[in-house]
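Presented below is the structure to which this report refers.
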Amino acid sequence: MKRIGFLTSGGDCQSLNATMRGVAKTLYENCKDVEIYGILEGYKGLIYGNYRKMEPIDFTGILTEGGTIIGTSRQPFKKMRTPDENGLDKVEAMKSNYKKWKLDCLVILGGNGTHKTANLLREEGCNVVTLPKTIDNDIWGTDMTFGFQSAVNIATNAIDCIHTTAASHGRVFIVEVMGHKVGWLTLHAGIAGGADIILLPEIPYDIKSVVKALEKRTKEGKRFSILAVAEGAISKEEAALSKKELKAKRKNSPYPSISYQIGKEIEEYTGQEVRITVPGHTQRGGEPCPYDRVLSTRLGAAAGRLILDKKYGYMVGMCDGETVPVPLEEVAGKLKMVDPDTPMIQEAKDLGICFGD
């Protein structure tokens, strides 16, 4: 008998269900006696003992379903060693429930914070296999995370839809794309959507460079411009601040987000009308695109095989088109950032796209 726990943690995204399906179908198909338990609402369920036994029928018809059928929550890694309001030791509680449920392995689907806690559990003696979930594509050790391409499609569609209204009214439009720390989603959606200016967290911008690019388009007779701005975009002045100073500045800002600040500055410099569009959580929602369905199925199947072979302590990544086991201790705590010198950035600049630097 194999007893396997499934846990999805952090922000939801497309293909969580598809990935769990890939793991489950592999286990059911290749193991005569297996039980799967869904741990409800992420690490919160593991801490407080909330779970339900799942049956093969639970994994039928969910390939195209977004979200997560077992729920999720955010449990910050930095607070995992801090007792809850009742004095409960969260780490000990997770280990206790893992043992009480007699799990052979815990399958954890999540992003960077999730992987830090997963590695902590590995260090505490739990058998863990993880899968790289995030629309940000910022997990170290994998070329691609599931959820990313689906989010790119949605963000790109938002930019596509803006084109006609921007052209009709001759305005500057800013489309704010998700991504606090990394800009992969904004970079891909910006290029795919034909944005004229792309602002990323990894490349601090100079508002004067942005204005210069807009004025150049105006002189060339182009009636509108579109900016794809990551929600974590940062100016060169802000980049010189300490984390504490930047946090205080953003907290006291009169603007709802960085895009509104940039929009106001553009209006003051150029006199052009600026409109802001924030697709927000739509980028996490809806059904997974075909690419993500294939990616998730492959990653899930590879995770199932690791469990069958009793190879624990790995994240399943995708490298050069192949699924690979990556030691969890190498993944935890690392971010895969956009390199400002990457060929993709230079190619975009060769097209005339401005990055504000």
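The values are calculated or read from the model by the stated rules, or taken from the named source; none is laboratory data. In this text the structure is predicted, and so the values were computed from the model without any measurement. Neighbour counts run over all protein chains shown; Cβ positions are idealised from the backbone, glycine included. Ligands, DNA and RNA are stripped out before the accessible areas are found, and what is left, the full protein with its side chains, is counted by its heavy atoms. Shrake-Rupley method; radii C 1.70, N 1.55, O 1.52, S 1.80 Å.
Only one of Glu287, Glu231 is at pLDDT 95 or above, open to solvent by 70 Å² or more (accessible area, probe 1.4 Å) and under 18 Å from the mean Cα position of the chain (by Cα). Can you tell me which?
Glu287
Out of (1) farther than 22 Å from Asn137 by Cα; (2) open to solvent by less than 70 Å² (accessible area, probe 1.4 Å); (3) of a type in the set (D, E, K, R), the odd one out for Lys247 is which?
So Lys247 meets the others, but not (2).
Which of the strands (runs of 3 or more DSSP E) found entirely inside region 252-357 contain at least 3 residues meeting this: in contact (Cβ under 8 Å) with a residue 60 or more places away in the chain, over 26 Å from Lys181 (Cα atoms) and of a type outside the set (Val, Ile, Thr)?
none
Based on what the data block shows, is Val211 among the aliphatic types (A, V, I, L, M) and more than 21 Å from Asp339 (Cα to Cα)?
Judged against the criteria, Val211 is a match.
Within region 290-303, which residues are open to solvent by 40 Å² or more (accessible area, probe 1.4 Å) and more than 17 Å from Tyr314 (Cβ to Cβ)?
Pro290, Tyr291, Arg293, Val294, Thr297 - these are the residues of region 290-303 that are open to solvent by 40 Å² or more (accessible area, probe 1.4 Å) and more than 17 Å from Tyr314 (Cβ to Cβ).
Any residue that is at pLDDT 95 or above, over 30 Å from Glu29 (Cβ atoms) and among the hydroxyl-bearing types (Ser, Thr, Tyr) - is there at least one of those in region 236-254?
Scanning region 236-254 turns up no residue that is at pLDDT 95 or above, over 30 Å from Glu29 (Cβ atoms) and among the hydroxyl-bearing types (Ser, Thr, Tyr).
Going through region 154-184 one residue at a time, which ones are open to solvent by less than 70 Å² (accessible area, probe 1.4 Å) and not in a helix (DSSP H, G or I)?
Gly170, Arg171, Val172, Phe173, Ile174, Val175, Glu176, Val177, Met178, Gly179, Val182, Gly183
Tell me, yes or no, whether region 169-179 has at least one residue that is within 28 Å of Val331 (Cβ to Cβ), in contact (Cβ under 8 Å) with a residue 60 or more places away in the chain and under 19 Å from the mean Cα position of the chain (by Cα).
Yes, because at least one residue in region 169-179 is within 28 Å of Val331 (Cβ to Cβ), in contact (Cβ under 8 Å) with a residue 60 or more places away in the chain and under 19 Å from the mean Cα position of the chain (by Cα).
Could you figure out which of (1) over 29 Å from Gly111 (Cβ atoms); (2) open to solvent by less than 10 Å² (accessible area, probe 1.4 Å); (3) of a type in the set (A, V, I, L, M) isn't true of Ala213?
That leaves (2) as the condition not met.
Could you list, in sequence order, the residues of region 197-223 that are within 16 Å of Tyr269 (Cα to Cα) and part of a loop (DSSP other than H, G, I, E, B)?
Within region 197-223, just Asp206 meets the criteria.
Name the residues in region 314-341 that are open to solvent by 30 Å² or more (accessible area, probe 1.4 Å) and either of a type in the set (Val, Ile, Thr) or at positive phi (or both), would you?
Answer for region 314-341, where residues must be open to solvent by 30 Å² or more (accessible area, probe 1.4 Å) and either of a type in the set (Val, Ile, Thr) or at positive phi (or both): Asp320, Gly321, Thr323, Val324, Gly333.
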